[in-house]
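Derivation of every value follows stated rules applied to the coordinates shown; laboratory data play no part. Here the structure is a predicted model, which is why all the values come from computation and not from measurement. Positions of Cβ are backbone-derived with ideal geometry, glycine not excepted, and every protein chain shown enters the neighbour counts.
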């Protein structure tokens, strides 16, 4: 087969295999790295087309036209490498030195080749044609190919080295990048040895075909997980809608547990205390500062937003504990397990955030923590009262900070 025939065949196979990515913008929505992948597939399709045009013009010995097409050829090759580096970054979704290096290398590779092509007009360092129309590769052509080989081999080596012990999804991602890198590295090396054969196009075709298999598998897996998530949410919604009890036990404004749920939780704690089952347990009482002032000056809608922000701050900090809204501006968190073990660090983090908010004029909450004392606290109420006293002490300190400034 001729040079042009191979390039045209590569273009045809590429368009058939990657038809969905090339033709549909929905591909960008269905796949996490879809936008970059789609641009990469289009750049490779254009590269195949230009490669075929190059063969036709070269056979016809239209040297001036071949020169222009050769410049376009190298621009498309560089664009493809640049988009490939962007795809690797968005597809792997990892943060490390190699990924950061790949980000900058892809960008500077684009600038480097553009500069070399510009200089090639005056100094034939990339390629040239002699008076007989024969094509000659310059030293910079081999440098650009060498840089590509190093990029492909480095990424392949990284993903293969870090695949061991990884999860199923990560292994699939790494195999995709590694397979593409192996195909391209091998074909680029052959291209260096045989500059007049369309081996680079063959490498792109093999690499993207393998890549396509993994990308489709990714999309199928993402859709399966999405359907499972939709089914799970539907089941939860049915349970919530079908249960009046669930509605009664949730605070309608903030979404945390309501006063009704709090009363039952208090009873359960008392039962566990009386049976000697409760060992590690703590209560934190929260009070939102300035709610009345906000309601009076800005309206109740602004007050509701203040409560939501306050509740969000509590829930984000104490993620593993039930949170109750027990009054207009009062919340309670019951700590057990992980949050109980980390209670001091969590409370310190929470109070630091509150003090920062105080400086910025954002939501401020007073908090007080009390730990259950076996053999001394015979009811939940005694634990709560200690926490409530400490909360009011904290409230006084926050007021003093607000009036005198935080030192």
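Looking at the chain as a GNM with Cα springs under 10 Å, which of 303, 157, 106 has the largest mean-square fluctuation?
Its mean-square fluctuation being the largest, the pick is 303.
Add -39500 (n - 2.57) for each DSSP H run of 4 or more in the chain, then divide by its residues: what number comes out at 222 nm, to the nearest 500 deg cm²/dmol?
Numbers: 16 runs with 293 residues, N = 407.
One gets -24500 deg cm²/dmol as the mean residue ellipticity at 222 nm.
Please compute the contact order of segment 233-344 in relative form: average sequence separation of alpha-carbon pairs under 8 Å and at least six residues apart, divided by the residue count, as a percent.
Across segment 233-344, relative contact order equals 29 percent.
Would you mind ranking 325, 38 by Cβ crowding within 10 Å, fewest neighbours first?
Working: 325 26, 38 22.
Exposure proxy ranking, most exposed first: 38, 325.
Relative contact order of the chain, please, whole-number percent, based on alpha carbon pairs below 8 angstrom and at least 6 residues apart. Could you put the intermediate results ahead of the total?
Details: 477 pairs, mean separation 45.4, N = 407.
Value for the chain: 11 percent.
For a quick check: sort 145, 102, 227 by the number of other beta carbons within 10 angstrom, fewest at the front.
227, 145, 102
What is the Å³ per residue value for the convex hull set by the Cα atoms of segment 1-113? Intermediate results must be reported in sequence, preceding the final value.
Numbers: hull volume 11.8 nm³, N = 113.
Spelled out: Cα convex hull of segment 1-113, divided by residues, is 104 Å³.
Using only Cα atoms and rounding to the nearest 10 degrees, what angle (0 to 90) does helix 343-360 make with the longest principal axis of the chain?
Result, in degrees: 80.
Compute the helix-to-body angle for 139-161: its Cα long axis versus the longest principal axis of the chain, expressed 0 to 90° and rounded to tens.
Roughly 40 degrees, rounded to the nearest 10.
Arranged by the count of other C-beta atoms within 10 angstrom, fewest first, what order do 291, 196 take? All intermediate terms of the calculation are to be shown ahead of the outcome.
Details: 291 20, 196 12.
Fewest to most other Cβ atoms nearby, the residues stand as 196, 291.
Quick one: angle between helix 3-17 and the longest Cα principal axis of the chain, in degrees between 0 and 90, rounded to 10, please.
The angle comes out near 20 degrees.
When only C-alpha pairs under 8 Å and at least 6 residues apart count, what is the relative contact order of segment 1-106, in percent?
29
When the Kirkwood hydrodynamic radius is evaluated over all pairs of different C-alpha atoms of segment 259-404, what value in angstrom, to one decimal, is obtained?
Every distinct Cα pair counted, the radius reaches 15.8 Å.
Pick from 360, 395, 64: which is most flexible by mean-square fluctuation in a GNM of the chain where alpha carbon atoms under 10 Å apart are linked?
Top of the fluctuation ranking is 360.
For Rg/Rh (Cα atoms, Kirkwood Rh), the choices are (i) 0.94; (ii) 1.21; (iii) 0.98; which was calculated from the structure?
(ii)
Most mobile of 151, 184, 193 per a Gaussian network model of the chain (Cα springs, under 10 Å)?
Checking each option, the largest mean-square fluctuation is seen for 193.
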